Ligand code: B12
């Protein structure tokens, strides 16, 4: 019996190695035949999916689903399979179904959700289906039993080095790996690699928290080097994007990795925390830079220490630390990519708006501290961190997620997922406009270095046009900048990646 694994369209720009379904394929490799359809490469994924289904070999359809655009393929395709091939079991995994399980299972076209990591539970699930035995004893599953939602216990994160190597060779039978090794800001052929799971912190706006509950585990640097250099040798890859939620948890692991990757002359990028890496020794930062670490993504979130507490950012991050760390990284020629979350609830509109204006000024201070700092602006979009103070406050303020799965692919909710225009009752249109107009002027005056298609001359022109607005702090109706950004298809890394 065979399994069809689906990676719905997330972005047409630079498809990445589909690590979510590749790791799931590794967990059943040799036990079940598996096939892959990637909507990030195939314009009409349904045609290919149906050709597999028509073969009569497929018994299980597994889709990975993050919030946002991926829902626009995962929902209609799962619905169609349920209607046309009712015997096929439909299994969803990934951040969206794990965090929004009830609405997914109540749709009637998803049988089981893999809640968090699927490496151990997915092969056990298929085995149970094959033997028609109970699912109760299998961890990390959510399903309906006679209409009752069953959530089995969560497993610990397994020892990652014991997990099977990713079957890149088999994947390349479906899609040449070259299609996944994109030319990006980091290099001519960029590998997407995921070297750890979870995060030790519990920020109450982050979707990772309900799934991993402050647990974190990573591959050893040996395992990372072996897999990364194997792809490098075979495909001449010259850069790595580490997709971990938190790559830099262990300074020891990062130093070992940096020493090992240095002779490979590759460029790399990853995500980390300001307070964690602030504690790194200068030697470690110097080594990271020499070994190719070009830019690090940080959740700076806000320059307001009260709000940092409110969002359970934890650790020791402060306003001053955000600024001083941006300056410190200059010494090591590593670019900080700071993401901010604006629009948290407040006691009234005036407080919400005051916090937004203060954040805008704080971002300007960050640029003064390090002009090369890349800035990413998100508008707070709730995730179901039930039990957190923030979640209690937003539900008290009337925020509700859609109750029907189909409603998640309505235009308004897609923008919600993109964290650009959330449907949160305390955010008013003039507040979103202020944030967006500031973002436009900021990106005009400081165009991102990561958009490699924008020529130096185009960057000069757009900066020139934006200067008076940035200098005066006048952001309203920046149509002339928007026009140039549209004309030159300005790309924001947070939406499409590098
Ligand atoms: C790569 C990536 C992208 C890529 C696309 C990936 C793709 N699928 O093609 C790009 C850059 C396009 C992207 C965009 C966005 N992303 Co994104 N992305 C990621 C990232 C960094 C890695 C995903 C990955 O490969 N993980 C590695 C695999 C091995 O882990 P995994 O997915 O957890 O898989 C395991 C389990 O979940 C489970 N599983 C997962 N899928 C399946 C499927 C089956 C069938 C089974 C059985 C099991 C299973 O088993 C796997 C093995 O244990 C994650 C963060 C992360 N570290 O996971 C964010 C993440 C998923 N993205 C996120 C978001 C919000 C977005 C955006 C909306 C951001 C924005 N504002 O624009 C956009 C969406 C727009 C769009 N274009 O789709 C959030 C989701 C948060 C949430 N609310 O749920 C995350 C969690 C980042 C974060 N920390 O907040 N993203």
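Observations on the model:
- Residue within the range 221-239 that is touching a residue at least 12 places away in the same chain (Cβ under 8 Å), within 30 Å of residue 344 (Cβ to Cβ) and assigned to a helix (DSSP H, G or I) present: no
- Checked against (1) buried (at least 18 other Cβ atoms within 10 Å of the Cβ); (2) within 16 Å of the ligand (Cβ to nearest atom); (3) outside any helix (DSSP H, G or I); (4) at pLDDT 90 or above, residue 420 passes all but a single condition, namely (4).
- Of all the criteria given as (1) in contact (Cβ under 8 Å) with a residue 40 or more places away in the chain; (2) away from the ligand (no atom under 16 Å from the Cβ), the one not satisfied by residue 133 is (1).
- Conditions (1) in a helix (DSSP H, G or I); (2) closer than 19 Å to residue 339 by Cβ; (3) more than 16 Å from the ligand (Cβ to nearest atom): number failed by residue 449: (1)
- Of everything listed in (1) touching a residue at least 24 places away in the same chain (Cβ under 8 Å); (2) surrounded by fewer than 21 Cβ atoms within 10 Å (Cβ to Cβ), the single unmet condition for residue 263 is (1).
- Members of the range 467-498 that are under 17 Å from residue 373 (Cβ atoms) and free of Cβ contacts under 8 Å to residues at least 60 places away in the same chain: 470
- Restricting 85, 52 to residues that are within 22 Å of residue 122 (Cα to Cα), in contact with a helix residue (DSSP H, G or I) (Cβ under 8 Å, 6 or more places away or on another chain) and either at pLDDT 95 or above or in the same structural domain as residue 209 (by TED's automatic domain parsing) (or both) narrows the list to 85.
- Candidates in the range 209-231 are the residues that are out of contact with any helix residue (DSSP H, G or I) (no Cβ under 8 Å at 6 or more places or on another chain) and crowded, with 16+ Cβ neighbours inside 10 Å; of these, the one that is farthest from residue 153 (Cα to Cα) is 227.
- Of the candidates 122, 197, the single residue that is under 30 Å from residue 276 (Cα atoms), outside any loop (DSSP other than H, G, I, E, B) and touching a residue at least 40 places away in the same chain (Cβ under 8 Å) is 197.
- The residues in the range 352-394 that are within 16 Å of the ligand (Cβ to nearest atom) and assigned to a loop (DSSP other than H, G, I, E, B) can be counted, and the count is 8.
- One residue from 365, 386, 371 being in contact with a helix residue (DSSP H, G or I) (Cβ under 8 Å, 6 or more places away or on another chain), closer than 19 Å to residue 471 by Cβ and loosely packed, with under 14 Cβ neighbours inside 10 Å: 365
- Every pair of residues 6+ apart whose Cβ atoms lie under 6 Å, when the first sits in the range 345-369 and is more than 18 Å from residue 397 (Cα to Cα) while the second is modelled with pLDDT of 95 or more and exposed (fewer than 15 other Cβ atoms within 10 Å of the Cβ): 369/327
- Scanning the range 92-111 for residues being within 12 Å of the ligand (Cβ to nearest atom), touching a helix residue (DSSP H, G or I) at 6+ places or on another chain (Cβ under 7 Å) and in a loop (DSSP other than H, G, I, E, B) gives a total of 2.
- All positions within the range 142-170 that are touching a strand residue (DSSP E or B) at 6+ places or on another chain (Cβ under 6 Å) and not in a strand (DSSP E or B): 152, 157, 160, 167
- Just one of the listed residues (65, 36) is more than 24 Å from residue 101 (Cβ to Cβ) and outside the structural domain of residue 491 (by TED's automatic domain parsing), namely 36.
- Residue within the range 473-488 that is within 16 Å of the ligand (Cβ to nearest atom), surrounded by fewer than 20 Cβ atoms within 10 Å (Cβ to Cβ) and at negative phi present: no
- Selection within the range 1-56 - near the ligand (Cβ under 7 Å from one of its atoms) and either free of Cβ contacts under 8 Å to residues at least 24 places away in the same chain or part of a loop (DSSP other than H, G, I, E, B) (or both): 10, 11, 15, 16, 18, 40
The values are calculated or read from the model by the stated rules, or taken from the named source; none is laboratory data. Keep in mind that what you see is a predicted model, and the values were worked out from it rather than measured. Neighbour counts run over all protein chains shown; Cβ positions are idealised from the backbone, glycine included.
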